[in-house]
1. Just the Kirkwood number for the chain, please: inverse of mean 1/r across all distinct Cα pairs, in Å, one decimal.
2. Out of the chain, which GluC sites (Glu not before Pro) are coil in DSSP terms and have no more than 10 other C-beta atoms within 10 Å?
3. Rounded to the nearest 20 Debye, what is the dipole magnitude of the chain about its Cα centre when Lys and Arg each give +1 and Asp and Glu each give -1 at the C-beta?
4. At most 15 other Cβ atoms within 10 Å plus a DSSP loop assignment makes a site exposed; report the longest stretch of the chain without any exposed chymotrypsin sites (Phe, Trp or Tyr not before Pro).
Amino acid sequence: MEGLRALGLWGVRSEEKFIPDVYLGAPREARLELLRGLMDTDGWVERWGSVRFR
């Protein structure tokens, strides 16, 4: 929780989420893990294959 608070993400609703600046310069694998986590929590795939995120 402290990590999320430090990044300004604790208690943020899905439509208010953002990628913290610290991740923009992170190694590729860290950025991919972040995207995987976002998709696991608020992402979906449409019938025709489009990937969506809220």
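Here, each number is a calculation from the coordinates, and none is a lab measurement. Predicted model, so just to flag it, every value in this text is computed and none were measured. Don't worry about glycine lacking a Cβ; one is built from the backbone with ideal geometry, like all the others, and counts go over all protein chains shown.
1. Numbers: mean 1/r = 0.0809 Å⁻¹.
After inverting the pairwise mean of 1/r, the radius is 12.4 Å.
2. Glu46
3. With Lys and Arg at +1 and Asp and Glu at -1, about 140 debye.
4. 19-47
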